[in-house]
1. List the lysines whose Cα sits under 20 Å from the Cα of Lys15, skipping any in the same chain fewer than 8 residues away.
2. Just name one of Leu49, Ile31, Gly18: the one whose Cα is farthest towards the positive end of the charge dipole of the range 13-64 (beta-carbon charges, Lys/Arg +1, Asp/Glu -1).
3. What net charge is computed for the residues neighbouring Tyr41, neighbours being all others with C-beta under 13 Å from the C-beta of Tyr41, Lys and Arg scored +1, Asp and Glu -1?
Amino acid sequence: MEKPVLDPNDPQGGKAYGEMMTAREKYLDSINKEFLTDEQYKDVDDLELKLDQYMTKFLDLIWITPGISIIRP
């Protein structure tokens with residue numbers, strides 16, 4: 001998983017991180033859509049809610065765990 005280069009002289013340093021997290025969220029959304037349209041999971045109760053909760057938890061994990069590299073958008 002790529003990390004944004006943080007330059008202490010760049011006042012827009014947080015912008016690169018925000019863009020990276022937005023890209024990851026879009027990537028996870030695309031995976032979730034595959035689950036939602038898969039016939040195998042049609043009987044799972046509250047699937048959309050569960051997937052959204054897992055995605056939020058995963059993105060929080062990325063936020064607090066330095067060096068984690070699980071997905072690459």
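1. In chain and number order, the partners are Lys3, Lys26.
2. Value computed over the given set: Gly18.
3. Values: positive: Lys33, Lys42, Lys50; negative: Glu34, Asp38, Glu39, Asp43, Asp45, Asp46, Glu48.
With Lys, Arg at +1 and Asp, Glu at -1, the neighbours total -4.
Rule-based calculations on the coordinates, nothing more; no lab input. Note that the structure is a prediction, hence the values are computed from the model and not measured. Cβ: placed from backbone, ideal geometry, glycine included. Neighbour counts: every protein chain shown.
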